[in-house]
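One structure is given here, and the rest of the page talks about it.
Just so you know, all these numbers are worked out from the coordinates, no wet-lab data involved. Note that the structure is a prediction, hence the values are computed from the model and not measured. Please note: Cβ atoms are built from the backbone with ideal geometry, for glycine as well, and neighbour counts cover all protein chains shown.
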Amino acid sequence: MKVAFDLRPLQIGHQYRGIGICLQNILKQVQNSPDTIKHWELVFYVYKNHELPAILDNYTVPHRIIATQEILPPHGRLKLTRYLKGMYASWRKANSINYLSEIKYMDVFVQFDFLLGVPSHSNTKSILLKYDVIPLVSEAHYLPTFKQVRARTKSIRSAIRAQRHRARYLWLLRKSLQRADLVLAISDHTKQDLVNFLNIDEHKITTLSLAADDLLSSPVEEPKDKLFSSMDWRFISGQQRYRSLSILDKPYLMYIGGVDPRRCIQDLVLAYNLLRAEGINCALILAGYDFQVLKTIPSVDARDALRHSSYSEDIYFLGFVSSEEKSLLYQNAVAFVYPTLYEGFGLPVLEAMQQGCPVVCYDNSSLREVGGTAALYAKAPEDIAIIIKSLLSDKDLRSRTISKGKEQAKKFSWQKTTSKFIKLIENLKTKDYRL
């Protein structure tokens, strides 16, 4: 049986995002199951003139690589020429999946990024992983209409560009979901959203839960002099000023991740302000690519909350942190606070619990599926502050929460995920998705 994976997402920036993490972990586990897939002929599609994905370095399972040319944006002096070429290039890119070499001879084709398309060949069974429907849940932020952009910016050009992006996005999404023989949703909540928002037949959707990456998870007994360098964003000047942070200086709350509208960092800052106003001496650590300096934070609400906090001297921006540093931060934090309004799955929650860090998060979307009874749920910043106070004052509560979190995290593993994934591929031709 010829089973093809589209690895092009790993060459266009997704290797460090949810799509890439899922794809790479499944491929690693496939490699660890040689007996299960011994009758498979593995084929990997990649882009020419791009560095091969790192996952293929020393990939021991026999496989073939098929390289295809990337469709690049057009060049030209005349705006009309660029526009017409751009429309044609978009159409070609949207349909290029059907022209991949040998695609019609594949028995199964697996796609992790719907924007790259799903083949329409009837003899090729296709699987599409879908992570969430965030752009449809919060259209005004992620997929605004012409009218919304026009009202916000007064620019007709920006509104046309947004409408064109919206139309292409929705067309590709619906076309990929329609062509897929099997859609894998990463949570039951995402599965229900696909039915509610896009009217997908629920019988062709199966839930495939994700898992947390294994960080350098050996317990940190005595971090001692572990210092982090943080940009001091309180100073507005032409010179960069740094300050050092020891994780043993004082108790700290932490957040790791991106800053988009659904991740309510302003709520976290408000909860922190409430704690400090009550005389609780603790720090707030914010890590992730967006947390370099204040101006790199894309959310206006988050920037304003941080800028106006009366306790900004104890709010640290760490930017990107390594796996080792992330593990260290988790294991020594009072709690990982995740004030998100919507998640397709919620990997950071699972990751924190795996590392022995209490989790405080909002109660919505798929977070109950992941956090179970181990996470501590809040509805507002005031609730977050109350829970943190309890964790600081009640050592037994903290110990119980950590223990329950580790047990909850054990329910999810990439080995379990991939084992189900392989069985679904085996059962695809019979359309039997009951596992």
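For Leu227, no residue has an amide H sitting under 5 Å from its own, ignoring neighbours fewer than 5 places away on the same chain, with H placed 1.01 Å from N.
As a calculated quantity, the FRET efficiency between Asn95 and Ser403 at R0 = 60 Å, using C-beta atoms, amounts to about 0.70.
Taking amide H as placed 1.01 Å from N in the peptide plane, the amide H of Ser126 sits under 5 Å from that of Phe109, Asp181, Leu182, each at least 5 places away or on another chain.
Just rank Ile160, Ile422, fewest to most, by other beta-carbon atoms within 10 angstrom. Mind dumping the intermediate values first?
On the way: Ile160 13, Ile422 18.
So the ranking, lowest neighbour count to highest, is Ile160, Ile422.
Taking the Cα centre of the chain as the origin and placing charges on Cβ (Lys, Arg +1; Asp, Glu -1), which of Phe421, Leu248, Ile66 is farthest toward the positive end of the dipole? So the residue we want is Ile66. The simple spin-label model puts a point 7 Å past each Cα toward its Cβ; for Gln178 and Tyr142 those points are separated by 2.2 nm.
Here the chain was treated as a single set of alpha-carbon atoms; its pair distances binned every 10 Å from 0 give 4, 19, 27, 25, 17, 7, 1 percent.
Rank the residues Cys22, Cys264 as a footprinting-exposure proxy: fewest other Cβ atoms within 10 Å of their Cβ go first.
Values: Cys22 24, Cys264 20.
Least to most surrounded, the residues fall as Cys264, Cys22.
Phi angles of region 157-166 translate, via the Karplus equation with coefficients 6.51, -1.76, 1.60 and θ = phi - 60°, into HN-Hα couplings of 4, 5, 5, 5, 4, 5, 5, 5, 4, 4 Hz per residue; Gly and Pro are given as x. Listed values for region 416-424 are Karplus-derived 3J(HN,Hα) couplings in whole Hz (6.51 cos²θ - 1.76 cosθ + 1.60, θ = phi - 60°), namely 5, 4, 6, 4, 5, 4, 5, 5, 5, and x replaces Gly and Pro.
Based on every Cα atom in region 227-409, Rg and the maximum pairwise Cα distance Dmax equal 15.3, 49 Å. When the listed pairs Lys48/Lys423; Lys226/Lys395; Lys226/Lys410; Lys104/Lys125; Lys2/Lys28; Lys2/Lys38 are checked against a 20 Å cut-off, the alpha-carbon distance exceeds it for Lys48/Lys423; Lys226/Lys395; Lys226/Lys410. Working note: Karplus 6.51/-1.76/1.60 with θ = phi - 60° gives region 38-53 the couplings 5, 9, 8, 10, 7, 10, 10, 8, 9, 8, 5, 6, 10, 5, 4, x Hz, where Gly and Pro are set to x. Among beta bridges from DSSP that stay inside the chain, the antiparallel ones total about 10%. In this structure the amide hydrogen of Ser366, modeled in the peptide plane, comes within under 5 Å of the amide hydrogens of Glu343, none closer than 5 places in sequence on its chain.
Considering only DSSP states other than H, G, I, E and B, which GluC sites (Glu not before Pro) in region 254-341 qualify as loop sites with at most 10 other Cβ atoms within 10 Å?
Values: sites: Glu278, Glu313, Glu324, Glu325; in loops: Glu278.
In loop regions of region 254-341 (DSSP not H, G, I, E or B), the sparsely surrounded GluC sites (Glu not before Pro) are Glu278.
Its DSSP H runs of at least 4 residues, each contributing -39,500 (n - 2.57), put the calculated 222 nm mean residue ellipticity of the chain at -12000 deg cm²/dmol, to the nearest 500. Largest GNM mean-square fluctuation among Ala211, Ala385, Ala54, using the chain with Cα springs under 10 Å: Ala54. By the count of neighbouring beta-carbon atoms within 10 Å, fewest first, Thr206, Thr373, Thr418 end up ordered Thr373, Thr206, Thr418.
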